[in-house]
Structures are given as C-alpha cells and as structure tokens.
Amino acid sequence: MASAEQPYSAEQAFDLQEEFLNRKKANTFKERRKEGKTTYTRSSYAVMVIGGFSLLFNFIGIGMPYWRSSWVAVIGYGHARHWGLFYLQGRAVRLHHEVSDIACKHMGETMLGGTCIDPLCRWYQLKCLHYYDFYVQSYVIGVVLVCVTIIYVLVMRWMIILNPRTIKFANMWVRIATFLQLASIIAWFFFSEMMFSGLEEMAYYPRPPFGLSFFLMSAAVFGWIVVTVLVRILRSMWPEVDPDDPDQFASDEDDDDEEDSPNKQREWFYKDLQGAEQGPFKSSEMIGWIDSGHLPTETLVRAAEESDYSELGNGSKIKNAPTIGTPLPGKTATAAAGERTWFYQDTSGNIQGPFPTSQMRSWLSEKHFPPETLIRAADETDFTPLGDGSRVF
C-alpha cells in the first residue's frame, strides 16, 4: 500500500508561497520589459492575422492579371482581356513588352515609303508608343511590389521571432514597404488611365474597369497600414534594452512609486466557491463585480490589512471603505454640534481625519479597521490601538 503524501510544514509552505510570489513578480510586464523578454500579446496576434491575409493578397495581386479587366468585345476581337503587372491575358497570354513589339511590328508593316500616313499605320503607331510607355512603367512597378512583398515576408518572420531587435527592424521596414506599395498602386492607376485615354484619341477603345487583383492589393495596403500602427505600439512596449542608460525605464519606476503612494485604493481578497483565496483586487474591481452580480452576498471577503474574513453582504463594506492614505471622498459625514471627532493612522503611517464619531462608528461596524489601528480623539495628543472599538462607541 502506497504511503500517504506527507503535507508541507508551515515553513515549507511559507517558502513555496514566497517563491511563487517572487516568480509572479518577475513575470510582470514591467520586469519582462526591463529584461527585454517579450511575450505575445493581442497586438502581436493581430499583426500575425492581419499581416497574413495582407501578404496573401499581395501574392494574388502580383501573380494574377486582373488589375483591369474588359468584358466588352470590339470589332475583330471577341475575347475578354485582363491586364496585370507583367502580362496581358486575352486569346493568348503575352508579356507587356511582347504586346508592344507586336504593335510596333504592325506599324512597320503598314508604313508607305518610310512614312506613317495611313490611318491604320497611325493607329499601330499610337498603340506602339503607349504600349511601350506602359510596359516600362508596369514592369518597374511590378518589380517594386515584388521587393515590397519580400520585405513583408521578412517583417512577418521578425514578428514570429518577436524580440526587441526584430520588432525594431519590423517597425522600420514595414513603414517603408507600406509607403512603397501605396505609391505603386497610385502610380499604376494613373499610368493605366493615361494609356487608355491615349488610345481613345483615334478610335473607340473600351476602358476596362479595375479588377480583382487591383482591389486585393488596395485592401492589402489598408491591412499593412494597420500592421504598421500595431508594430509601432509593440515597439513602444518592447524597446531594446540599453545597458548604458540607467534611466531608460525611469518612467516605469515612477509609475510604481505612484502605485505605492498613500493615495492608492484598498486591496481585497475573497474566497471562491472551492474555498481558495483569490486576490488581491482593488476596490474599483471588486465594486464592478458586486454591481454586475458576479459575487454572491455570502462571499467571504477581507481587506488586505485584515486577517479575518466576513460575508460580503450588500457590498457596502467595500463601497464605503476609505481609500488608503486619504479619507473616502464625498463619504465623510459632517460632525454635529458637540460631536467628538477622531484621527487615525492608515497602513502607510499617514494621519487621517478628523472624522466625526458617527462616521467612525459606521466604518467600525463594517470592520474597516483592524484592532491594531492607532486612533486618537481630537482633544488627545497620543495615539493608542483601536482594540475592540469601545472607545468610539
């Protein structure tokens, strides 16, 4: 028969609890930030999702010839045509420079005596010039977008690694890539408009509307803009640690000092349905749970400076509790004529008061003060422990 597991001694339990608290403190955002130990957050997950879809749209936009699509047939050509960054799809698939060469070849074949005076020759001459300009412009834009997509792949890889240095690289390059992609799309829009407007100088040439690839690339730009903002946020969250700058995280320490100031909210513990202690939680959190009905009235609660639990009831114990270091604003009663007033020392050693006897009795009945709280009446000079509170009653 297996022997029963030996329970921990009080000293061992204390050591384990202290070790747990130290680990918990070392794993806070501020401590990880100081050590450059990043962790995935909602912002980084959003970067992965939005960036992943945007990258997919980039691949489709570059590879598919649907930047502009015409479904209108013209005389002698009854097929749909689709224009992409690198090639034109119609009855056959041809690169843009091949289309330009064909138009220039037809121009040369219709010239008479080395001059282009025939209407058909002039039409091919117009197509040759505009196709040449467009294929140069479209190829340049296509190469830029390919390079931009490679940068995006690197950005996504850096965000998967996720350390302060890779976030720094991603923050710098994603802005450059997003600007180049936006500029490229705008440039392709104007260059294609110029080409089709020029072709209409001598004949009716149906201007094809923008197609799926163009809209996907445009949607990708908006996605990358969002990614740029999120990466900038991550960059501010996880800066590179500079060992030569002792004041790099001084603002974080100032925040800690502010949290430790005597004006912070009281903290509370409660016991869940299994009897396990949960906390500490600030008064504002507890009040929110009370108002939303998450904590039943029989829940056992205590303030951080108290040792005994008591039932939550209607929550007035927490709602009317004075904050640490300052009396509860708007809750202090006015002393009636001849009513005795009192001072007490809070857990930070600061003197609070004076409060009328009626106010002190209210707080005592709700067990806001532990017995060791030092109090004195306004007409006294020395503080003494509260004890059972009979002095006030």
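Determine whether Pro208 is surrounded by fewer than 18 Cβ atoms within 10 Å (Cβ to Cβ) and in contact (Cβ under 8 Å) with a residue 40 or more places away in the chain.
No: the conditions fail for Pro208.
Does Thr332 satisfy the condition of being at pLDDT below 75 and polar (S, T, N, Q)?
yes
Which members of the stretch 289-314 meet the condition of being open to solvent by 70 Å² or more (accessible area, probe 1.4 Å), farther than 26 Å from Asp346 by Cα and either in a loop (DSSP other than H, G, I, E, B) or in contact with a helix residue (DSSP H, G or I) (Cβ under 7 Å, 6 or more places away or on another chain) (or both)?
Within the stretch 289-314, His294, Thr297, Glu298 qualify.
Which condition breaks for Ala103 when tested against (1) open to solvent by 30 Å² or more (accessible area, probe 1.4 Å); (2) among the aliphatic types (A, V, I, L, M); (3) without any contact (Cβ under 8 Å) to a residue 40 or more places away in the chain?
Just one mismatch for Ala103, condition (1).
Matching residues to (1) more than 30 Å from Arg122 (Cα to Cα); (2) in a helix (DSSP H, G or I); (3) among the small types (Gly, Ala, Ser):
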residue: Arg175; (1), (2), (3): yes, yes, no
residue: Glu193; (1), (2), (3): no, yes, no
residue: Ser197; (1), (2), (3): no, yes, yes
residue: Ser213; (1), (2), (3): yes, yes, yes
residue: Met217; (1), (2), (3): yes, yes, no
residue: Val231; (1), (2), (3): yes, yes, no
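List every residue pair whose Cβ atoms sit under 9 Å apart, with the two residues 6 or more apart in sequence or on different chains, where the first one lies in the stretch 34-48 and is aromatic (Phe, Trp, Tyr) and the second, anywhere, is open to solvent by less than 60 Å² (accessible area, probe 1.4 Å).
Matching pairs, first to second residue: Tyr40/Met48; Tyr40/Leu162.
Answer yes or no as to whether Trp342 is modelled with pLDDT of 80 or more, within 24 Å of Leu312 (Cα to Cα) and of a type outside the set (A, V, I, L, M).
So Trp342 fails the test.
The values are calculated or read from the model by the stated rules, or taken from the named source; none is laboratory data. Since we're looking at a predicted model, the values are computed, not measured. Every residue, glycine as well, gets a Cβ built from its backbone with ideal geometry; the counts of neighbours run over all protein chains shown. Areas reflect the complete protein model, heavy atoms only, side chains present, ligands, DNA and RNA absent. Shrake-Rupley method; radii C 1.70, N 1.55, O 1.52, S 1.80 Å.
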